[in-house]
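Notes follow the structure.
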Amino acid sequence: MKNFKMLAIAGAAAAAMTAGTAQAEQYYGFMTASVNYLDWTEKTIDRTTTVDQGGQGLGGTKKDFLFLELEGGAGYDWGDVYGFIDIENPGNINKSQNERKEGDKVVEERGVAVPSSFRIAAKGSIAYNIGKTNWNAYGHIYSFTEARGDFHGGFFDQNVVLGVSYDINTDSGFWMKPFIGLHYENQRFAGAGFNGYMAGWVLGYNFKLGNQNFMVSNWHETEFAREDQFRSNGTPHKLDKMGQNGAVALWWNATKKFTAGVQYRYADQKLGTAAYHDAVIFTAKYNF
């Protein structure tokens, strides 16, 4: 229940923050709903498949999956907010323990997420301007929840980062927000505590080809000085003290209401896998 409590706290904070922006000047805002399909590469599937099934067994077995996403953000004269919620494997929401495959049961016993399970991932971030500078007081919370067997005994992981960020805006269409902060983690099998630091960025570049609007974007996170407490991944292998996580995307804004995109998703010593792994995500968005 800790994970749901943290989401509730984050939701309440977001609601209070939204109420407080009633008198603030808003510079921009967006909200989208999307359908996404994540396709892991063959080398990733090989690296995460269990040894007894012919793979390398370097992490929790990974399978391609569909997910639905709601995403939004806004910028004000005091700072900006952003958030998303993903519903992964939505077709398996009512899948019971008796309907699970033997392979899933084996994965469960290793203490890692089951690849075909119903899952919810959510993130919220806030950057509050420090005076009239481009520096911000920055914080984000990410929560991943997996349901197993009628929602009992699932895996959960929350990550809270508190630090600073910096706004970079240009007239050329390029923008970037790097950040760095302390990293606090709460995970089902590892417990809770400070887990080193996290640094990263989000960036984008808007451009035109002919009369069509495009954007290249990238989000990236580097975790470093991670504690031994959080480096186990349910296999004999241990995650390094540093891990990488992110995605590079190309977006085609076909109309004001429709956006199509393809993303290269990458991670190294993250997502429960003690190796580099990657995927391609195909996305169709509706822009409100």
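The values are calculated or read from the model by the stated rules, or taken from the named source; none is laboratory data. Bear in mind that the values here come from a model prediction, so they are computed numbers and not experimental data. So basically every Cβ, Gly included, is an ideal-geometry build from the backbone, and we count neighbours across all protein chains shown.
Summary table
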item: Every residue from region 212-246 that is over 24 Å from residue 146 (Cβ atoms), within 20 Å of the chain's Cα centre (by Cα) and outside any strand (DSSP E or B); result: 241, 242
item: Residue count for region 46-79, restricted to those that are surrounded by 18 or more Cβ atoms within 10 Å (Cβ to Cβ), assigned to a helix (DSSP H, G or I) and of a type in the set (Val, Ile, Thr); result: 1
item: Subset of region 153-211 [more than 17 Å from the chain's Cα centre (by Cα), polar (S, T, N, Q) and farther than 22 Å from residue 126 by Cα]; result: 172, 206, 211
item: Long-range neighbours under 6 Å by Cβ, at least six apart or interchain, first residue touching a residue at least 24 places away in the same chain (Cβ under 8 Å) within region 57-82, second of a type in the set (D, E, K, R); result: 58/47; 64/39; 65/88; 67/86; 67/88; 69/86; 77/25
item: Hits in region 235-288 - residues which are touching a residue at least 40 places away in the same chain (Cβ under 8 Å), in contact with a strand residue (DSSP E or B) (Cβ under 6 Å, 6 or more places away or on another chain) and basic (Lys, Arg); result: 265, 270, 285
item: Region 155-171, subset in contact (Cβ under 8 Å) with a residue 24 or more places away in the chain and out of contact with any Leu (no Cβ under 9 Å at 6 or more places or on another chain), residue surrounded by the fewest Cβ atoms within 10 Å (Cβ to Cβ); result: 164
item: Subset of region 162-206 (residues that are part of a strand (DSSP E or B) and β-branched (Val, Ile, Thr)); result: 164, 168, 180, 202
item: Number of the exception - residue 287 against (1) surrounded by fewer than 18 Cβ atoms within 10 Å (Cβ to Cβ); (2) modelled with pLDDT of 95 or more; (3) over 28 Å from residue 126 (Cβ atoms); result: (3)
item: Number of the condition not met by residue 152 [criteria: (1) out of contact with any Pro (no Cβ under 9 Å at 6 or more places or on another chain); (2) at pLDDT below 95; (3) surrounded by 15 or more Cβ atoms within 10 Å (Cβ to Cβ)]; result: (3)
item: Exclusive hit being modelled with pLDDT of 95 or more and closer than 23 Å to residue 67 by Cβ, set 222, 273; result: 273
